[in-house]
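Following: one structure in structure tokens, then a few remarks.
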Amino acid sequence: MALDREVVQRIAALARLELSQEDEAAFTQQLGHILQYFEKLAELDTQAVEPTAHVVQIAEAYRDDVVTNLPATEELRANAPARDGDFFKVPKIIE
Amino acid sequence: MTDLHSLTLERASALLAKKEISAVELARAALKRIDITNRDIHSFITVTEEAALAQARAADARRARGDTGPLLGLPVAIKDVILTKGIRTTAGSKILADFIAPYDATVTRKLLDAGAVCIGKTNCDEFAMGSSTENSGFMVTRNPWDGERVPGGSSGGSAAAVAAHQCLGALGTDTGGSIRQPAACCGIVGMKPTYGRVSRYGVIAYASSLDQVGPMAQTVADCAHLLAVIAGHDPHDSTSVNRNVPDYRKGLDGTIKGLRVGIPKEYFVEGMQAEVEQAVRAAVQTLETLGALVSEVSLPHTEYAIPTYYLIATAEASSNLARYDGIKYGLRLAERESLLTMYQRTRAGGFGTEVKRRIMLGTYALSAGYYDAYYLKAQKVRTLIRRDFEKVFATQDVIVTPTAPTTAFRIGEKTSDPLQMYLSDIFTISVNLAGLPGLSLPCGFDRSGMPIGLQIVGRPFEEDKVLQAAYAYEQATEWHEKTAKR
């Protein structure tokens, strides 16, 4: 199916991606092409088929509610793009 | 004696046990080999020379005390989507260019506890999305058999490193063929275990219902040995399954008399390289000579696997990659702009084109109005693909196919057409959709001298049977003895 540029812009906004003009043009064409190929799935009647989300039976993974991970807070904070002491610095969110 | 860097894990392990060589000598040989060859091959993003030598010295000290870890003193490489504490872990992405892993993945921990020496982090397609390693944000890895060709992907760095003897074994990850296809392209052995067999804790997620970690090495026995170390239940990964881990190496004796081998007719398609088909057909005959009972089988939904996979994988990826927002770790751009602009520019600047394309595709497949037609539909077809395998495995022990439709293609050949690139996964992705164990091993060469891969697929948690079939074939042939020119 052909994809129009407005749909690509809307999807990019949902995905929090700023696309360049070139990317936007290329994606409009490429994603349209790929989705057209994916239309193949419509050939199959899946009315009575259950979806598979996961292939293994996941056993119950309950455990006692105690802290088991080490509080490696310094290692975690060390990767922050911006920090102020023990805090992550973020752009202003309230005007 | 052969050069230390080109030993198999098994041989090196035996020499270490006899104290004929030391772990430090082995590590130095690998590091020297990397020093000489990596400027051509570019298989490593990070070489951890100092840490490796320290681990090697510690391994020698452990051995001197009478300790015998299963990988004690053996140099291995780890794909850069797997966390290694205190060491940069990038997932091949600029968005994580400076990310220092705060903890070890369970598989990293298991390798180190077994005594392995980690010599570095290997290149891969960004977030493991690709079939050629050309999508790395840092470098293009070259195939050690021919520098003008790709090593396959996404674990292309690990495959090239093993093939170029820069390490004795490596870990890769496989979401749609990312261990098996590069193993085939580089003439080595690589295995994707059953979904749930190996923990993914500390493995940077791409598509969580498909991702699995596995071994890559020169021989089947070496893969069996590595798998025994990394497999097993992990309380940190609720999808890892609590089942006994056999000693995979011990089970290998080369006898496959009476093994029922199914050959799916849908895996010999028009457009595949003739030499690949010939090599795989010849390999099937070899298995028959060894006593296997070969029959043609059918996996009728094979032609739907690529759209099914690329809808499910991209949908899961779009969700998994939402975490890269420039707040707690990773790149941050446009810091002085609004929060929304910061998110959008950070992700635009940090992700490469293929990752953006897949996030777009996945976001589209999950978005209102399209969910039923794409994502839900794909999950239903996934059920049909899974059932195809169940039916075949009711009468067969393993399935044998080509690993990829062609040998390694040329660098740049498929980068402008994403759909063509996706089609390189045609024989490997169904195995991920069904969660099965699959292995690729060398079964010949094309006229350009590029290696051809044979894929062996088994029932869930029957890695032992897959390895047994692979080992029998390997022992009966000499392909694995040929080495890449670099």
Could you please find all residues in the range B:433-464 being surrounded by fewer than 19 Cβ atoms within 10 Å (Cβ to Cβ) and of a type in the set (Lys, Arg)?
B:447
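Table: residues versus (1) among the charged types (D, E, K, R); (2) loosely packed, with under 10 Cβ neighbours inside 10 Å; (3) within 8 Å of chain B (Cβ to nearest Cβ).
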| residue | (1), (2), (3) |
| --- | --- |
| A:9 | no, no, no |
| A:15 | no, no, yes |
| A:54 | no, no, yes |
| A:57 | no, yes, no |
| A:71 | no, yes, no |
| A:82 | no, no, yes |
Given the conditions (1) away from chain A (no Cβ under 14 Å); (2) surrounded by fewer than 24 Cβ atoms within 10 Å (Cβ to Cβ), and given that residue B:469 satisfies all but one, which numbered condition is not satisfied?
(2)
Scan (1) crowded, with 16+ Cβ neighbours inside 10 Å; (2) more than 30 Å from residue B:381 (Cα to Cα); (3) at pLDDT 90 or above for the single condition residue A:25 breaks and write down its number.
(1)
Selection count where residues are of a type outside the set (A, V, I, L, M, F, W, C) and within 21 Å of residue B:168 (Cβ to Cβ), scope the range B:222-275
6
Positions within the range B:188-236 being more than 12 Å from every other protein chain (Cβ to nearest Cβ) and among the polar types (S, T, N, Q), in sequence order
B:199, B:218, B:219
So which residues in the range B:270-316 are away from every other protein chain (no Cβ under 14 Å), farther than 18 Å from residue B:457 by Cα and hydroxyl-bearing (Ser, Thr, Tyr), if there are any at all?
B:289
Subset of the range B:170-199, residues of a type in the set (A, V, I, L, M) and either under 13 Å from residue B:124 (Cβ atoms) or assigned to a loop (DSSP other than H, G, I, E, B) (or both), comes to B:170, B:171, B:179, B:188
Give the residues of the range B:232-272 that are modelled with pLDDT of 95 or more and closer than 29 Å to residue B:300 by Cα, sorted by residue number.
B:256, B:257, B:258, B:259, B:260, B:261, B:262, B:263, B:264, B:265, B:266, B:267
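Okay, residues lined up against (1) in contact (Cβ under 8 Å) with a residue 24 or more places away in the chain; (2) over 26 Å from residue B:102 (Cβ atoms); (3) surrounded by fewer than 20 Cβ atoms within 10 Å (Cβ to Cβ):
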residue: B:205; (1), (2), (3): yes, no, yes
residue: B:212; (1), (2), (3): yes, no, no
residue: B:244; (1), (2), (3): no, yes, yes
residue: B:253; (1), (2), (3): yes, yes, yes
residue: B:256; (1), (2), (3): yes, yes, no
residue: B:265; (1), (2), (3): yes, yes, yes
residue: B:272; (1), (2), (3): yes, yes, yes
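When you go through B:279, B:313 one by one, which is the residue that is out of contact with any strand residue (DSSP E or B) (no Cβ under 8 Å at 6 or more places or on another chain), at negative phi, modelled with pLDDT of 95 or more and in a helix (DSSP H, G or I)? Break it down stepwise before answering.
On the way: B:279 fails: out of contact with any strand residue (DSSP E or B) (no Cβ under 8 Å at 6 or more places or on another chain).
Only one candidate passes the filter, namely B:313.
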Hey, residue B:294 of a type outside the set (Lys, Arg), more than 30 Å from residue B:71 (Cβ to Cβ), at pLDDT 95 or above and assigned to a strand (DSSP E or B) or not:
yes
For the range B:378-410, give me each residue that is away from chain A (no Cβ under 14 Å), among the hydrophobic types (A, V, I, L, M, F, W, C) and touching a residue at least 60 places away in the same chain (Cβ under 8 Å).
B:392, B:398, B:399, B:400, B:404, B:408, B:409
So, residue B:286, is that one hydroxyl-bearing (Ser, Thr, Tyr), loosely packed, with under 14 Cβ neighbours inside 10 Å and out of contact with any Cys (no Cβ under 8 Å at 6 or more places or on another chain) or not?
no
I'd like to verify a number: residues in the range B:7-54 that are touching a Ser or Thr at 6+ places or on another chain (Cβ under 7 Å) and polar (S, T, N, Q), how many?
2
From A:21, A:47, A:30, which residue is under 23 Å from the mean Cα position of the chain (by Cα) and more than 7 Å from chain B (Cβ to nearest Cβ)?
A:21
Among the residues in the range B:106-126, are any modelled with pLDDT of 95 or more and within 14 Å of chain A (Cβ to nearest Cβ)?
yes
Apart from one, (1) surrounded by 19 or more Cβ atoms within 10 Å (Cβ to Cβ); (2) outside any helix (DSSP H, G or I); (3) on the phi < 0 side of the Ramachandran plot; (4) of a type outside the set (A, V, I, L, M) all hold for residue B:300; the odd one out is (1)
For the range B:407-432, the count of residues that are farther than 18 Å from residue B:155 by Cβ, surrounded by fewer than 24 Cβ atoms within 10 Å (Cβ to Cβ) and not hydrophobic (A, V, I, L, M, F, W, C) equals 8
Please go through (1) away from chain A (no Cβ under 14 Å); (2) in contact (Cβ under 8 Å) with a residue 40 or more places away in the chain for residue B:39 and return the number of the only condition it doesn't satisfy.
(2)
Qualifying residues in the range B:322-365 (those that are within 27 Å of residue B:176 (Cβ to Cβ) and part of a loop (DSSP other than H, G, I, E, B)) - the one nearest to the other protein chains (Cβ to nearest Cβ)
B:329
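The values are calculated or read from the model by the stated rules, or taken from the named source; none is laboratory data. What you see is a predicted model, and the numbers here were worked out from it, not measured in a lab. No Cβ is skipped: glycine too gets one built from the backbone with ideal geometry, and neighbour counts run over all protein chains shown.
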